[in-house]
Amino acid sequence: MENLIGLLRIRVRRGINLVSRDSNTSDPFVVITMGSQKLKTRGVKNSCNPEWNDELTLGINDPNQHVNLEVYDKDTFTSHDTMGDAEIDIKPFFEAQGTDVQEVSDRTEIRRVNPSGDNCLAEESRIIISNGKIVQDMILKLRNVESGAVEIQIEWINVPGSSDL
């Protein structure tokens, strides 16, 4: 990737109270997109509260570019049903990358991000130091759907030879 400044690892942990698209349940999977990059989790059968615990990694060359998360119900013979979407706001996380993790103890909070009209957070999110890395846990409230949220964690990975932050 040209002008790569780093990698963003997204741990898609679980879905919470997702809508039912097949009778009383769904077969959900998540699609993460940013620009031309598109990644997806594995599907989980018959669950409105799926546990994915999948790791997806995006190459970042512009921290202002939108990262989108979409949840779908897998269908075999018809197109997949949408189960909601959310935008992952990485700007506050990217701004925290200048923190010297060597000088800070584990679980130290760097910054809090509150839910607002500018993000899809369902609750307050904390950017912390964990095992010498900066991470952010968040629960994203899904839009364009009656109910549902997705729990994720994001982590920055420096790339040798990439632009400095």
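The values are calculated or read from the model by the stated rules, or taken from the named source; none is laboratory data. Worth saying up front: this structure is predicted, and the values here are computed from it rather than measured. Cβ sites come from the backbone with ideal geometry, for glycine too, and all protein chains shown count toward neighbours. Ligands, DNA and RNA are stripped out before the accessible areas are found, and what is left, the full protein with its side chains, is counted by its heavy atoms. Shrake-Rupley method; radii C 1.70, N 1.55, O 1.52, S 1.80 Å.
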(request) Look at Trp156 and say whether it is open to solvent by 20 Å² or more (accessible area, probe 1.4 Å) and of a type outside the set (Lys, Arg). (result) yes
(request) Out of the residues in the range 7-36 that are touching a residue at least 12 places away in the same chain (Cβ under 8 Å) and under 13 Å from Gln65 (Cβ atoms), state the one that is surrounded by the fewest Cβ atoms within 10 Å (Cβ to Cβ). (result) Gly35
(message) Considering only residues that are in a strand (DSSP E or B) and touching a residue at least 60 places away in the same chain (Cβ under 8 Å), which ones fall in the range 60-84?
(response) Leu69, Val71, Asp81, Thr82, Met83, Gly84
(message) If Ala149 satisfies all but one of (1) in contact with a helix residue (DSSP H, G or I) (Cβ under 7 Å, 6 or more places away or on another chain); (2) at pLDDT 95 or above; (3) small (Gly, Ala, Ser), what's the number of the condition it fails?
(response) (1)
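Which of the residues spanning the range 64-81 are open to solvent by 20 Å² or more (accessible area, probe 1.4 Å) and under 24 Å from Glu95 (Cα atoms)? It would help to see each step written out before you state the result.
If we filter the range 64-81 for residues that are open to solvent by 20 Å² or more (accessible area, probe 1.4 Å), which is where we start, we get 64-66, 68, 70, 72, 74-81.
Hits for the range 64-81 are Asn64, Gln65, His66, Asn68.
Would the range 70-82 turn up any residue that is within 23 Å of Arg126 (Cα to Cα) and touching a Gly at 6+ places or on another chain (Cβ under 7 Å)? Reasoning before the result, please.
Restricting attention to the range 70-82, the residues satisfying the condition of being within 23 Å of Arg126 (Cα to Cα) are 70.
With the extra rule that they be touching a Gly at 6+ places or on another chain (Cβ under 7 Å), the set shrinks to none.
For the range 70-82, residues within 23 Å of Arg126 (Cα to Cα) and touching a Gly at 6+ places or on another chain (Cβ under 7 Å): absent.
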(message) Would you confirm, using the coordinates I've provided, whether Leu39 is free of Cβ contacts under 8 Å to residues at least 40 places away in the same chain, surrounded by 15 or more Cβ atoms within 10 Å (Cβ to Cβ), touching a strand residue (DSSP E or B) at 6+ places or on another chain (Cβ under 9 Å) and assigned to a strand (DSSP E or B)?
(response) yes
